[in-house]
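Trainee: Below is one structure. I have some questions about it.
Nothing in this text is a laboratory measurement; each read-out follows from the coordinates by a stated rule. Model, not experiment: these values are computed from the prediction. Positions of Cβ are backbone-derived with ideal geometry, glycine not excepted, and every protein chain shown enters the neighbour counts.
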Amino acid sequence: QDGDLDHAMAVFKDGLGKGLKPSIIVYNTLIKGLSQQGLILPALQLVNEMAENGCHPNIWTYNLVINGLCKMGCVSDAHNLVHGAIAKGCLPDIFTFNTLIDGYCKQLKLENAIEMINRMWGQGVIPDVITYNTLLNGLCKAAKSEEVMETFKAMVEKECTPNVITYNILLESLCKAKKVNEALDLLVEMKNKGLTPDVVSFGTLITGFCKIGDIDGAYQLFRRIDKQYEVCQ
RNA sequence: UUCUUCUUUUGAG
């Protein structure tokens, strides 16, 4: 977790040398660390070796490497690894799909992202709030504000309940389209839905007001943060 | 007593 993989690997090898049997959790932890640092080949090497020590990679194991690849922007490699996982009997789960969808969205390959969502339905994996948030964020970053709102409606129709992160993305999308007043309305709407705007909600709005040069509006929002915390405490 | 996925804000050019 601190990113000190050299140390972690040293301890791991030391344990192996002393005849200790690693658990799959130990493997997954190491694979996560390696993958997050972009050390994909060493990570895959562990994936290949672990069976020898009685630990068979599970879908979590593959998800960690898939995530590492996606975060590096190597989404097609990630997609290939999904097929590798399937070949080893590990079926993609909601995490696999959400990770890949985020990878495509971060590359603004939105058609690919949407295609993955369709494929999820086909495989009986139901898109969840994270799936929709991920796609909404991709559409937002691509400045497709109309499609953001359409997708938001679609998720509600599919009985997927938006959370604070959903609204934060919508707020950013509206701010990006310079529709700050609609964003303020949305702040009210989220409260009506029982959701409490958080520090990201306000930060997003304040940035939006600043970008259109409305410093007074930004400052008023800033002062509202204090009020909200007074209510909470 | 969590091994995996989603949101805002930064600098330089």
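Trainee: Test A:Leu64 against the stated conditions and say whether it is under 23 Å from A:Thr161 (Cβ atoms) and buried (at least 23 other Cβ atoms within 10 Å of the Cβ).
Mentor: So A:Leu64 fails the test.
Trainee: Let me ask something else. Which of the residues belonging to the range A:16-49 are more than 11 Å from RNA strand B (Cβ to nearest atom), in contact (Cβ under 8 Å) with a residue 24 or more places away in the chain and either of a type in the set (Phe, Trp, Tyr) or surrounded by 21 or more Cβ atoms within 10 Å (Cβ to Cβ) (or both)?
Mentor: A:Leu34, A:Ala43, listed by residue number.
Trainee: Moving to a separate point now. From A:Tyr167, A:Tyr132, grab the single residue that is crowded, with 16+ Cβ neighbours inside 10 Å, within 13 Å of RNA strand B (Cβ to nearest atom), within 23 Å of A:Ala218 (Cβ to Cβ) and of a type in the set (Ser, Thr, Tyr).
Mentor: Result of the check over A:Tyr167, A:Tyr132: A:Tyr167.
Trainee: May I pose another question? Is one or more of the residues making up the range A:119-139 among the hydroxyl-bearing types (Ser, Thr, Tyr) and touching an Asp or Glu at 6+ places or on another chain (Cβ under 6 Å)?
Mentor: There is at least one residue in the range A:119-139 that is among the hydroxyl-bearing types (Ser, Thr, Tyr) and touching an Asp or Glu at 6+ places or on another chain (Cβ under 6 Å).
Trainee: Picking from A:Gly194, A:Gly203, which residue would you name as being at positive phi and either exposed (fewer than 14 other Cβ atoms within 10 Å of the Cβ) or free of Cβ contacts under 8 Å to residues at least 40 places away in the same chain (or both)?
Mentor: Values: A:Gly203 fails: at positive phi.
None of the others qualify; the one that does is A:Gly194.
Trainee: Do any residues in the range A:123-148 that are among the hydroxyl-bearing types (Ser, Thr, Tyr) have Cβ atoms under 7 Å from those of residues that are more than 10 Å from RNA strand B (Cβ to nearest atom) and in a loop (DSSP other than H, G, I, E, B), where the two are at least six apart or on different chains, and which pairs are they?
Mentor: Listed pairs, sorted by first residue: A:Tyr132/A:Cys160; A:Ser145/A:Ala177.
Trainee: Mind counting the residues in the range A:93-119 that are under 22 Å from A:Asn58 (Cβ atoms) and free of Cβ contacts under 8 Å to residues at least 24 places away in the same chain? Can you show your working first?
Mentor: The initial filter retains those residues of the range A:93-119 that are under 22 Å from A:Asn58 (Cβ atoms), namely A:93-103, A:116, A:119.
Filter once more, keeping what is free of Cβ contacts under 8 Å to residues at least 24 places away in the same chain: A:116, A:119.
Total satisfying the criteria: 2.
Trainee: Filter the range A:186-219 down to the residues that are assigned to a loop (DSSP other than H, G, I, E, B) and either within 14 Å of RNA strand B (Cβ to nearest atom) or of a type in the set (Val, Ile, Thr) (or both) and list them by number.
Mentor: A:Leu195, A:Thr196, A:Pro197, A:Asp198, A:Ile212
Trainee: Here's something else I'd like to know. Across the range A:149-164, what is the total count of residues that are of a type in the set (S, T, N, Q) and surrounded by fewer than 14 Cβ atoms within 10 Å (Cβ to Cβ)?
Mentor: The total comes to 1.
Trainee: Would you point out the residue of the range A:50-92, among those that are closer than 13 Å to A:Ile24 by Cα and free of Cβ contacts under 8 Å to residues at least 24 places away in the same chain, that is nearest to RNA strand B (Cβ to nearest atom)?
Mentor: A:Ala51
Trainee: Any residue at all in the range A:174-181 that is away from RNA strand B (no atom under 11 Å from the Cβ), buried (at least 22 other Cβ atoms within 10 Å of the Cβ) and assigned to a helix (DSSP H, G or I)?
Mentor: The first filter runs over the range A:174-181 and keeps only residues away from RNA strand B (no atom under 11 Å from the Cβ), leaving A:174, A:177-181.
So of that shortlist, the ones also buried (at least 22 other Cβ atoms within 10 Å of the Cβ) come out as A:174.
The next check asks that each one be assigned to a helix (DSSP H, G or I); those that pass are A:174.
So far as the range A:174-181 goes, yes, one or more of its residues are away from RNA strand B (no atom under 11 Å from the Cβ), buried (at least 22 other Cβ atoms within 10 Å of the Cβ) and assigned to a helix (DSSP H, G or I).
Trainee: Next question. Looking only at the range A:86-94, decide whether some residue is part of a helix (DSSP H, G or I) and in contact with a Pro (Cβ under 9 Å, 6 or more places away or on another chain).
Mentor: Here is the first cut: in the range A:86-94, the ones part of a helix (DSSP H, G or I) are A:86-87, A:94.
So of that shortlist, the ones also in contact with a Pro (Cβ under 9 Å, 6 or more places away or on another chain) come out as A:86, A:94.
Yes - at least one qualifying residue is present in the range A:86-94.
Trainee: Can you go through A:Gly122, A:Gly89, A:Gly84, A:Gly103 and tell me which one is closer than 26 Å to A:Ala154 by Cβ and surrounded by fewer than 18 Cβ atoms within 10 Å (Cβ to Cβ)? Write out each step before concluding.
Mentor: On the way: A:Gly89 fails: closer than 26 Å to A:Ala154 by Cβ; A:Gly84 fails: closer than 26 Å to A:Ala154 by Cβ; A:Gly103 fails: surrounded by fewer than 18 Cβ atoms within 10 Å (Cβ to Cβ).
Within the list A:Gly122, A:Gly89, A:Gly84, A:Gly103, the selection yields A:Gly122.
Trainee: Return only the number of the condition from (1) surrounded by 15 or more Cβ atoms within 10 Å (Cβ to Cβ); (2) on the phi > 0 side of the Ramachandran plot that A:Thr96 does not satisfy.
Mentor: (2)
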